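Working notes for the structure below.
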Amino acid sequence: MSHNTFGHLFRVTTFGESHGPEIGCIVDGTPPNIPLSEADIQPYLDKRRPGQSRYTTQRQETDKVNILSGVFNNLTTGTPIGMSIQNKDARSKDYKEIAKKFRPGHADFTYSKKYGLRDYRGGGRASARETAMRVAAGAIARKVLGASVKIRGALFSMGKLKTNYNKWDWGQVEKNPFFCPDPDLVPQLETYLDNIRKKGSSIGAVIELQASGVPPGWGAPIYGKLDAEIASGIMSINAVKAVEIGSGMKSSELSGEENADEIYIDSKGQPKFQSNHSGGILGGISTGQDIICRFAVKPTSSILAELNTIDTHNNETSISTKGRHDPCVGVRAVPIGEAMLACVLADQMLRHQAQCC
């Protein structure tokens, strides 16, 4: 199985399965002499960690990261940084009943057709468990970017419940289990997701990411576009089905005058934009404005509700997936999206410096 690496100068390779002994990653290309310890990485993993509320999977993993290489005396050495996390609460027996059945909406069918077999225990590499290592890599990417670049994410919508932009408060995101910036929406989300969970079903969500402090000039024309690589990185996250930058799909409804981000010179003699429909990227290159990205996460495929499917012998049958699963996998996608955005930006920063500085 190839294609487990992403990035150019800042390169990340992940390994491991959902129910294997451990998962891990190698981060290559980190410059030397950057302060780094496990304490710098753990808070981001804690943000993604399962079992923290009744609204996520109850799998109990500490997700304690171990740095194996590439750091000496709490400084990066410039060599590959190896990290691992042990899997301590895998319950493979929960999946024996579906070992020969394909979950509709899941990668079971396609993995089986491509490789001739699949790891049915939690989905193997197709499990969101793999994304813990992306979050660890994203923590290193943030250190590479430095404090001037701030990356944050929040729940934009869940099902048909949407955040009110007029009530958007970043200070609220860490105060509720949904990473929701609208405090008035939280009680509705609680009732909504409780009902979905009790029905043995699941629901999708849209996540918004913002990166501030990115200077103009990152990215490259045509095949190295910043927005294209952000979209590619985000689309690589399990269960993501759509990505948009700035006004995204809504830009198709705007006139040229409405969509244009007009430019003026501010009181300090610096160019500024009157709007940000472009999401901070023009021609694949950052404008200096906030980078805005949203992505849609489909409903969790592993649900208790009975569905029609086929088995590995092409017999029609039905399936009900037991075990511990997120009723809305989009909730824990917030720190994962942040991590992928950080990795793409760190890679683009290093590539820009290599060519233009």
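I'd like the orientation of helix 186-198 relative to the chain: the angle between its Cα long axis and the longest Cα principal axis, in ° from 0 to 90, rounded to 10.
Computed tilt is about 30 degrees.
So, with a 1.4 angstrom probe, what is the percent of accessible area on region 96-170 that is carbon and sulfur?
51 percent
Return the tail of the calculated pair distribution for region 84-235, meaning the percent of Cα-Cα pairs more than 22 Å apart.
I get 62 percent for the Cα pairs in region 84-235 exceeding 22 Å.
For region 268-338, compute the orientation-averaged projected area of the C-alpha convex hull (one quarter of its surface), in nm².
Directional mean of the projected Cα hull area for region 268-338 stands at 9.0 nm².
If you stretched the chain out fully between Y264 and T77, how much longer would it get, using 0.36 nm times the residue separation minus the C-alpha to C-alpha distance?
In short, 62.9 nm is gained.
Of all alpha-carbon pairs in the chain, indicate the percentage at a distance above 37 angstrom.
Counting every Cα pair in the chain, those more than 37 Å apart make up 21 percent.
Would you mind checking the pairs K47/K322; K114/K225; K47/K175; K88/K199; K198/K322; K64/K298 and listing those with alpha carbons more than 20 angstrom apart?
Those over the limit are K47/K322; K114/K225; K88/K199; K64/K298.
Suppose all protein chains stay in the model; what accessible area per residue would a 1.4 Å probe give for the chain, in Å²?
48 Å²
Return one number: the angle in degrees, 0 to 90 and rounded to the nearest 10, between the long axis of the Cα atoms of helix 226-235 and the longest principal axis of the Cα atoms of the chain.
The helix 226-235 is inclined about 10 degrees to the chain.
Percent of Cα-Cα pairs more than 17 Å apart in region 208-311, please.
61 percent
Note down the relative contact order for region 72-149 as a percent, whole number, built from C-alpha pairs under 8 angstrom at least six residues apart.
Contact order relative to length: 27 percent.
Give me the percent of the accessible area of region 216-337 that comes from carbon and sulfur atoms, probe 1.4 Å, all protein chains in place.
Carbon with sulfur: 52 percent of the solvent-accessible area.
So what is the orientation-averaged projected area of region 3-53, using the convex hull of its C-alpha atoms, in nm²?
5.1 nm²
The values are calculated or read from the model by the stated rules, or taken from the named source; none is laboratory data. Predicted model only: the values in this text are computed from it and were never measured. The protein model used for the area step is the full one, side chains on, heavy atoms only, and it has no ligands, DNA or RNA in it. Shrake-Rupley method; radii C 1.70, N 1.55, O 1.52, S 1.80 Å.
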